[in-house]
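Quick notes on the structure that follows.
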Amino acid sequence: MLPVLVALCLCAIACARPRQRTLRVVLYPFIPEFTSAAETVKRAFEVENPGVNLSILDLSGNYYAPGDASYVGQVQADVIELDSVFLADFVHQHKIQELPPEILLSQSELLASAYRGSILDGKRFGAPHWACRNFLFFPAAAPPSPPVTTLTQLETFIGNNTSNGLLMDMKGKLTLGELYLTAAFDRFRDLQHALPAVQHLDKNIEDDLVRLRKLCSAGSCRDQISHEFTGIYGMQFAHKRSKSLVGYSELLHSVLSEAASCGTDCLQDRDLDVAELPLDDAGSVPISWVDSFTISSSCTGPCFGDAKRFIRMMNSDSMYISMLLPAGYSFLTPPNPTKPVPAYLLPAKLSLYSNPKLLTLAHLYPKLRTLVEKAEVPTDDNLNDKLRAIGKALDSALN
């Protein structure tokens, strides 16, 4: 009789538990403190949704490289934080579905560029999360004068001192492809005319990027190790070893992380300023990429409900702040409370750009907003592949 009672008790306990579903999610991996961010997201979602196991897939191996095991184009997931470079591919291959208005922030709540970068063919396929683009950073005490609006003016500002020149990453097929497309937009002024230049290496655009390469500090820009660990350039800039730093806004996380250890000898947040980055003498027509949460076409029924709740959570100011002011430690290790170093990611949601808690530690957000909001957001079929191919050709030319 006793074994029967034990079996009945075990059955009652098992039956009382909510049945576990799994929601498979890809977070965009190239953000400061990714591991800590992923753990924060998982814990928060599972607390709010006890019947769902949130499985976060790490594609940091090579999100952008076709053929790689972590390539976003072949991953099986329910929710994918998708770079807009892939948006046309995923829509036209019917990998993702149009999203209903009730889980999306309104146009007035979003950066103009982020809103545009999640739409294709008049339909909203993504819930915008981050925006990113290249900027020109410099010490506020030594700004360009006059302001830099052309590549020639950038050359004048940097000068010929290669021991104190420009710090930036000019290695890697996709990195170079993006720089090439940026220069193409500056030269041709719009998507219609810039995209054809990606088909074959344009000598004029190549010349622009060769001119840019000549502004680099000795030993920088074309270094493979620094390409793989781009924070090295931010660390060098923190030590005032260059006139300017070029990169995404989140590169400032490396600057300020280094400044946290070297104190007033290094550039602090208050010492930083930012401007447009012109890559042609026609002036800057900036481009931006938008990372948006998309839902797989195969995610229906309970899966779709879980995905909607996940996106709503990620849209909240509180979740944004937890990622913009990362704790910097894993829940698997004891915390060591310190003042957080801003991630300096660009949120798609406008309210964050005036958040007092964030601005206390990261004063550049209002200026960054004005510089990213007007940017164009390119997408096209096979654009990632085209940029990688043109980057490979450009890499040979720069060598």
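Does region 63-128 come out rounded, prolate or oblate, given a ≥ b ≥ c as the square roots of the eigenvalues of its C-alpha gyration tensor, rounded meaning a/c under 1.5 and, failing that, prolate meaning a/b above b/c?
Details: a/c = 2.12, a/b = 1.92, b/c = 1.11.
Judged from the Cα gyration tensor, region 63-128 comes out prolate (a/c at least 1.5, a/b above b/c).
Cα-based Rg of the chain per 2.2 N^0.38 Å, rounded to two decimals?
On the way: Rg = 22.6 Å, N = 399, 2.2 N^0.38 = 21.4 Å.
Relative to the rule-of-thumb radius for its length, the chain sits at 1.06.
Write down Rg/Rh for region 168-270, rounded to two decimals, with Rg from the C-alpha atoms and Rh from the Kirkwood relation over Cα pairs.
A ratio of 1.05.
How long are the semi-axes of the equivalent ellipsoid of region 40-150, taking √(5λ) for every eigenvalue λ of the Cα gyration tensor, in whole Å from largest down? Write out the running numbers ahead of the final one.
On the way: eigenvalues 191, 75, 70 Å².
Taking √(5λ) for each Cα gyration eigenvalue gives 31, 19, 19 Å.
List the pair-distance distribution P(r) of region 29-79, using every Cα-Cα distance, as the percent of pairs falling in each 5 Å bin from 0 up to the bin containing the longest distance, rounded to whole percents.
Here the calculated profile for region 29-79 is 4, 20, 22, 22, 17, 11, 4, 1.
For region 290-399, report the translational diffusion coefficient in µm²/s to the nearest whole number, using Stokes-Einstein at 37 °C, 0.692 mPa s, and a Kirkwood Rh over Cα pairs. Intermediate results must be reported in sequence, preceding the final value.
Working: Rh = 17.7 Å.
Diffusion coefficient, whole number: 186 µm²/s.
Against the longest principal axis of the chain, how steep is helix 302-314, in degrees 0 to 90 to the nearest 10, with axes from Cα atoms?
50
Pop a pseudo-label 7 angstrom from the Cα along the beta-carbon direction at both Gln199 and Ala141 and give the gap in nm to one decimal.
Once both label points are built, they end up 5.2 nm from each other.
Suppose only helical runs count, i.e. DSSP H with n ≥ 4. What mean residue ellipticity at 222 nm does that imply for the chain under -39500 (n - 2.57) per run, divided by all residues and rounded to the nearest 500 deg cm²/dmol?
Roughly -11500 deg cm²/dmol at 222 nm, from the helical runs in the chain.
Per residue, how big is the convex hull around the C-alpha atoms of region 224-353? Give it to me in cubic angstrom, could you?
Values: hull volume 25.8 nm³, N = 130.
Convex hull volume per residue, Cα atoms: 199 Å³.
Cα centroids of region 335-366 and region 251-283: how far apart, whole angstrom?
Cα centres, region 335-366 to region 251-283: 15 Å.
Counting just the Cα atoms, what span does region 143-187 cover along each of its three principal axes? Round to the nearest Å and put the largest first.
Projected onto its principal axes, the Cα set of region 143-187 covers 31, 26, 15 Å.
Compute the projected area of the convex hull of the Cα atoms of region 123-220, averaged over all viewing directions, and report it in nm² to one decimal place. Each step should come with its number before you reach the end.
Values: hull surface 34.7 nm².
The orientation-averaged projected area of the Cα hull of region 123-220 comes to 8.7 nm².
FYI, it's all coordinate maths here, none of it is from the lab. Quantities reported herein were computed from a predicted structural model and do not represent experimental measurements. Glycine gets a Cβ as well: all are built from the backbone with ideal geometry, and neighbour counts include every protein chain shown.
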